[in-house]
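Below is one structure; the comments refer to it alone.
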Amino acid sequence: MGAILILGAGGRLGSALAREWRARGQDVLAMDRTAFSLDKVAEVQERLAGLEFEVLVNCAALTNVDYCESHREEAFRINAESVAAMAGVCAQKNARLIHVSTDYVFDGNATTPYSEADAPHPISVYGESKLAGEVEALAASPRNWVARVSWVFGPDRVSFVDQVIVRAKKEDRVEAVADKWATPTYTMDVCADLWHFLRGIEGGGVVHMSNAGVCSWQEYGQHALDCAVEAGLELKARMVGGLKMSDLKAFVAKRPPYSAMATAKFTSLTGIHPRGWREAVRQHVFDMVGRGMI
Ligand SMILES: NC(=O)c1ccc[n+]([C@@H]2O[C@H](COP(=O)([O-])OP(=O)(O)OC[C@H]3O[C@@H](n4cnc5c(N)ncnc54)[C@H](OP(=O)(O)O)[C@@H]3O)[C@@H](O)[C@H]2O)c1
């Protein structure tokens, strides 16, 4: 198979995909923000047209949800207009676009995991801009995939799991939101999961790709601390106290209270049952502690 182009290859997910797929022998053209900026849409089109690739995996995005709220134009430029440019070039080259998206396309009023058939209804500029990007990706070709992930964690960039452990090493008291639920997604699992969509799986559309299960931020943090203790870390705080989302005055954008996603479609396409989030978090914490990274 020809080259895979990864945009956003300096980020949490893009870095992992580039490294892990190269390790499998795949020819990967990995570009971070300095190598490929999405700031000017016309340049995105022009530069992509000059590159040779069979699949474009877009992990680049303006991911700061609160920043997006006050930078609407920029959010739509990076998260939607650039994606339209990517999708257009891919269609011309007959290349597949795999665009990574988010659970924040949902309003979070559900009480059971969202399926791909559920109508999106974003409640933030970030969510709106990401949904607009999804629409562009899917409109350009029936072979394009939108892979939605949620609460992404992994070895390439610090996330909530690492932050809660670092805080618990220094402080007596650690707290996290107890009334917001979703499913963590381990980048190392996405590397294996998304691999199947590079080749072999016909068609296109939206697919949810997280680990299995549902948790609150508080449960997620508590499990991270439990794993850290099990891995031998000395912590000052061993319990994660609960906060209400409404207590977090620093939040500018609205967040969906419940945005867990069902992965039955992913399983029907690949035959793979994603492992539970607890096992994935445990592997990550042991890996990071083992390498002295936390
Ligand atoms: N993180 C999560 O919990 C989460 C949850 C749901 C969905 N997602 C989705 O998953 C995908 C990957 O996210 P991630 O967790 O890997 O986030 P990330 O670490 O923030 O990666 C995004 C990358 O996009 C790059 N980028 C931002 N603006 C750019 C621009 N104008 N031009 C070129 N590159 C630009 C960033 O560069 P810099 O590092 O230089 O800023 C960063 O490397 C995104 O589509 C995101 O929407 C993430």
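No lab work stands behind these numbers, since they all come straight from the coordinates. Here the structure is a predicted model, which means the values were calculated and not measured. Heads up, the Cβs are rebuilt from the backbone with ideal geometry, glycines too, and the neighbour counts pull from every protein chain shown.
Values as computed for the structure displayed
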quantity	calculated
Relative exposure of THR111, THR270, judged by other C-beta atoms within 10 Å (fewest first)	THR111, THR270
Counted charge near ALA16, where neighbours are those whose Cβ lies closer than 14 Å (Asp, Glu -1; Lys, Arg +1)	-1
Tilt relative to the chain, helix 160-170 - C-alpha long axis, 0 to 90 degrees, to 10	30
Ranked list, fewest to most other Cβ atoms within 10 Å of each Cβ, for SER124, SER246, SER115	SER246, SER115, SER124
Shape of segment 232-279, Cα gyration tensor, a/c cut at 1.5	oblate
With Cα atoms, 0 to 90° folded angle of helix 125-140 axis to the chain main axis	30
C-alpha long axis of helix 277-290 to longest principal axis of the chain, angle in °	80
Only Lys, Arg (+1) and Asp, Glu (-1) charged, at Cβ; segment 1-142 dipole about Cα centre in debye	500
Backbone N under 20 Å from the LEU243 label point (7 Å along Cα→Cβ), restricted to segment 149-169	151-153, 158-169
Relative contact order (%) - criterion: Cα under 8 Å, at least six apart; region: segment 180-293	44
Computed over segment 163-228: relative contact order in percent, which uses C-alpha pairs under 8 Å that are six or more apart	53
Relative contact order computed over the chain (Cα-Cα under 8 Å; 6+ residues apart), in percent	20
Radius 14 Å from Cβ of ARG278, net charge of other residues (Lys, Arg +1; Asp, Glu -1)	-3
Positive-pole candidate from ALA139, GLN45, VAL214, dipole of the chain, charges at beta carbon	VAL214
5 angstrom amide H check on GLU175, placed H, neighbours 5+ away	GLY241
Order of LYS130, LYS249 under a 10 Å beta carbon neighbour criterion, fewest first	LYS249, LYS130
